[in-house]
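Structure record follows, encoded as structure tokens.
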Amino acid sequence: MGNRSDGVTPITNQGLTRYTGALVVSVLVVQGYTAFVEDGRVSAGTMLLLAAVALYMVVFTVRNATALRQRAYGTYFTHAVAYLIINGSFWLHAWILMLSGREEILQQGWSGPLVSMSVLWGAGLLVHTIGAMLSRGYEHVEV
């Protein structure tokens, strides 16, 4: 993607791929810590690591705000991919615990990441989805 007539370059697929890859690696660290250091229990350490992931998301979004807005649904993509990767990792971890017969661990701190985070963030993502669909101006954005 080259510069547009207004001099702004939309974010590239490579930039979005790096963002997605960094999220996957970050979530592997969070889930690895939870599984191996905390023996499957969600702890304050898990939440601190998750806060670091959230900080990365904010920094990426702020640093690339203009480029994301110039890409059709760029900001929406970063929101949706973060939701899927982060919430999906917690649900996958919970599923593995259940399949391995360790579902009693899910009683200890898992309601936050499984229920609260999924539902509240999901509601925000739904609002963002509706807003992205109703927004104007994407008809002239080069993809």
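The values are calculated or read from the model by the stated rules, or taken from the named source; none is laboratory data. Only a predicted model underlies this, so the values are computations on that prediction, with no experimental measurement involved. Ligands, DNA and RNA are excluded from the accessible area calculation, which covers all protein heavy atoms including side chains. Shrake-Rupley method; radii C 1.70, N 1.55, O 1.52, S 1.80 Å.
Points to keep in mind about this one:
- Full-extension gain in nm, residue 111 to residue 130, via 0.36 nm per residue minus C-alpha separation: 4.1 nm
- Summarising the amide proton neighbourhood of residue 40: residues at separation of 5 or more, or on other chains, whose placed amide H is nearer than 5 Å comprise 35.
- The structure shown yields Rg and Dmax of the Cα atoms in Å, and of the options (i) 17.6, 59; (ii) 15.6, 50; (iii) 16.4, 55 that calculated value carries the label (i).
- Within the accessible area of the chain (1.4 Å probe), percent carbon and sulfur: 67 percent
- Residue by residue, region 91-96 carries 3J(HN,Hα) couplings of 5, 5, 4, 5, 5, 5 Hz when phi is fed to the Karplus relation 6.51 cos²θ - 1.76 cosθ + 1.60 (θ = phi - 60°); x denotes Gly or Pro.
- Whole-number accessible area per residue in Å² for region 1-87, which is evaluated in the context of all protein chains at 1.4 Å: 54 Å²
- Against the main long axis of the alpha-carbon atoms of the chain, helix 44-63 sits at an angle near 0°.
- Gyration tensor verdict on region 9-73 (Cα atoms; rounded if a/c is under 1.5, prolate if a/b is larger than b/c, oblate otherwise): prolate
- Helix 117-134 vs. the chain, principal-axis angle (Cα, 0 to 90°, nearest 10): 20 degrees
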